[in-house]
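Below is one structure, written out as structure tokens; comments come after it.
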Amino acid sequence: MRPDGGASLLSVRVQPGSAEDAVTVVATDPPALAVKVRARAHDGEANAAVIRLLSATLGIAKTTVVLQRGAASRKTLYRVGLSPLELRARLET
């Protein structure tokens, strides 16, 4: 997680085609997430599912979660419309 203006850049490892949707905090420094989504990695479906899941998990609008890098990769980078402190607090609850 890195600051980016008033937002944060968050590393996410995506597992498409999973049996369930889930967000797990990975114990790394800086913090990163592992996200499982039921959607397949086809025509951006998994990326859209990750955005929906992250916004619901963090309690923010979908428009404040933006894929920055890795659209065709399992290792992605998302810009989240929360400060690093606020993001960390919401991930801990």
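Does any residue of the range 73-89 turn out to be closer than 17 Å to GLY6 by Cβ and β-branched (Val, Ile, Thr)? Checked against the condition, which is being closer than 17 Å to GLY6 by Cβ and β-branched (Val, Ile, Thr), the range 73-89 yields at least one hit. Would you check which residues across the range 47-82 are more than 17 Å from VAL25 (Cβ to Cβ), assigned to a loop (DSSP other than H, G, I, E, B) and open to solvent by less than 50 Å² (accessible area, probe 1.4 Å) and list them? Of everything in the range 47-82, those that are more than 17 Å from VAL25 (Cβ to Cβ), assigned to a loop (DSSP other than H, G, I, E, B) and open to solvent by less than 50 Å² (accessible area, probe 1.4 Å) turn out to be GLY70, GLY81.
Checking the conditions here, which among ARG90, ARG38 is open to solvent by 50 Å² or more (accessible area, probe 1.4 Å), part of a loop (DSSP other than H, G, I, E, B) and touching a helix residue (DSSP H, G or I) at 6+ places or on another chain (Cβ under 9 Å)? Result: ARG38 is the single residue among ARG90, ARG38 that is open to solvent by 50 Å² or more (accessible area, probe 1.4 Å), part of a loop (DSSP other than H, G, I, E, B) and touching a helix residue (DSSP H, G or I) at 6+ places or on another chain (Cβ under 9 Å).
The values are calculated or read from the model by the stated rules, or taken from the named source; none is laboratory data. Since the structure is predicted, the reported quantities are computational estimates derived from the model, not experimental observations. Cβ: placed from backbone, ideal geometry, glycine included. Neighbour counts: every protein chain shown. Accessible surface is based on the protein model in full, side chains and every heavy atom, while ligands, DNA and RNA are left aside. Shrake-Rupley method; radii C 1.70, N 1.55, O 1.52, S 1.80 Å.
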